[in-house]
Amino acid sequence: MKKSLRNYRLFFHRMGLLFLFIPLAVLILSIILPDRGFSEKENRVLSSLPHLNGSQIASGGFEKQFETYENDQFPLRDLWITLKARTDRLMGKVESNGVYVGKSGYLMEEFKAPDQAQYDATVKAMTDFAQKHSDLRQYALIAPNSINILSNRLPAFAPVQDQNLWLDSLSDSLTDAGVTFIDVRSTFKDHKMEDLYYHTDHHWTTQGAYYAYLQAAKAMGIDTSSDTYDKAPVTRSFQGTLSAKSGFRSGEKDEIDVFLPTGDQTLPSVVNYVDEQKKSASFYDTEKLGTRDKYALFFGGNHAQIKINTPTETDNTLLVLKDSYANSFVPFLAQHYRKIIMVDPRYYFGNLEQLIQVENVQEVLYLYNANTFFSDTSLELALTPESDGQDSSDTSDNE
């Protein structure tokens, strides 16, 4: 009995020392280790130490910024995220940082209903733009996320919000304004047994983008009868942002494919990265396959403005206002447009009105995934005339 008591005392003594040691070790590491500017695991820019500002302190803004900074710069952050996720899974948790563990190995990002005022402002900017440019053919493809199409693979009783209510509302508003809404939900549900989305990432796969392209082509009057492709895997070691964000499925890898056009009629394209002042004969940056953000294979990631020139018989120009979903989609369109201008409003600060006039744009396509679209504020600013007139510049991608 005495021996057992001594063993218990020794155990709790050691545990007490451990709990004292961990905070001390964290404190020492936080002093020794330099702040990180970018998390390769999470593929995003990390917060830096906020500057002291009287008004920020008074409003409480500094405290919030500092809390974000502390969380981002926590020593060995990536290790702790993984350990926490594994502990959560052992305890039966199926959600972390807005990411659900679904069936069949899927991680699915939650959908948050947009701020009503911001949503109304974005829709108004789009409908006003449509009325102002009634001479342009305008289309909107707002892709549903996996949490929508693969809802049957969510954990039981997951408290998710209905994305369809917002997509239906958006479709009605844009259709009334003369914008053709390309709704791919039925098509995706017909093919939901295929890999339309990555298991560890929030993007659609190239296969998903291809099905969306086929439906968009019908709406846009594009003849796809001569389109043929070879599907080629370029990596089987892609681990996406949802795995990094949640810590779940840390050992799972995805395959990334590219669809290469075949046939004698295939036309070469020149990709012009405007701000970077460089050109390429390929849509793909294979160097990105050696990084964590392997989805950046497509166009090297997001850029403020990209111009694609292809010597087609028709002299038509398409403006694509987009997020990163467009990066694996646009290569399918290239064979059908003399010029495609991709503009990411999150990084573009130029004058869209001038761009439309100078480039003689005839068609406009909005191409976003629903989660990004409904949380975005940059599209409204880009479409609003008062926000024009600044110089174009690029920023780093947080996605």
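The values are calculated or read from the model by the stated rules, or taken from the named source; none is laboratory data. Computed from a predicted model, the values in this text were never measured in an experiment. Neighbour counts run over all protein chains shown; Cβ positions are idealised from the backbone, glycine included. What goes into the accessible areas is simple: the full protein's heavy atoms, side chains included, and nothing from ligands, DNA or RNA. Shrake-Rupley method; radii C 1.70, N 1.55, O 1.52, S 1.80 Å.
For the stretch 162-191, enumerate the residues that are more than 11 Å from Gln215 (Cβ to Cβ) and among the aromatic types (Phe, Trp, Tyr).
Matches in the stretch 162-191: Trp166, Phe181.
Output the residues belonging to the stretch 217-252 that are surrounded by fewer than 22 Cβ atoms within 10 Å (Cβ to Cβ), in a helix (DSSP H, G or I) and not basic (Lys, Arg).
Ala217, Ala219, Met220
One residue is enough: does the stretch 172-194 have a residue meeting the conditions in contact with an Asp or Glu (Cβ under 7 Å, 6 or more places away or on another chain), of a type outside the set (Asp, Glu) and surrounded by 16 or more Cβ atoms within 10 Å (Cβ to Cβ)? If you could, list the steps in order and put the result at the bottom.
The initial filter retains those residues of the stretch 172-194 that are in contact with an Asp or Glu (Cβ under 7 Å, 6 or more places away or on another chain), namely none.
Within the stretch 172-194, not a single residue is in contact with an Asp or Glu (Cβ under 7 Å, 6 or more places away or on another chain), of a type outside the set (Asp, Glu) and surrounded by 16 or more Cβ atoms within 10 Å (Cβ to Cβ).
Part of a strand (DSSP E or B) and over 27 Å from Thr384 (Cα atoms), is that true of Met193? Walk me through how you get there before you give the answer.
On the way: part of a strand (DSSP E or B): no; over 27 Å from Thr384 (Cα atoms): yes.
No: the conditions fail for Met193.
How about the stretch 90-138: which of its residues are closer than 30 Å to Gln362 by Cβ, in a strand (DSSP E or B) and out of contact with any helix residue (DSSP H, G or I) (no Cβ under 6 Å at 6 or more places or on another chain)?
Passing the criteria: only Arg137.
Hey, can you tell me all the residues within the stretch 209-221 that are under 26 Å from Gly240 (Cα atoms) and free of Cβ contacts under 8 Å to residues at least 40 places away in the same chain?
Tyr211, Leu214
Taking the residues in the stretch 253-283 that are of a type in the set (A, V, I, L, M) and assigned to a strand (DSSP E or B) as candidates, determine which candidate is modelled with the lowest pLDDT. Please lay out each step first, then the result.
Pass one, the stretch 253-283, residues of a type in the set (A, V, I, L, M): 256, 258, 260, 267, 270-271, 274, 281.
Filter once more, keeping what is assigned to a strand (DSSP E or B): 256, 258, 260, 270-271.
On the way: Ile256: 98, Val258: 98, Leu260: 95, Val270: 98, Val271: 98.
Among those that are of a type in the set (A, V, I, L, M) and assigned to a strand (DSSP E or B), it is Leu260.
Does at least one position in the stretch 337-351 carry a residue that is open to solvent by 10 Å² or more (accessible area, probe 1.4 Å) and hydrophobic (A, V, I, L, M, F, W, C)?
yes
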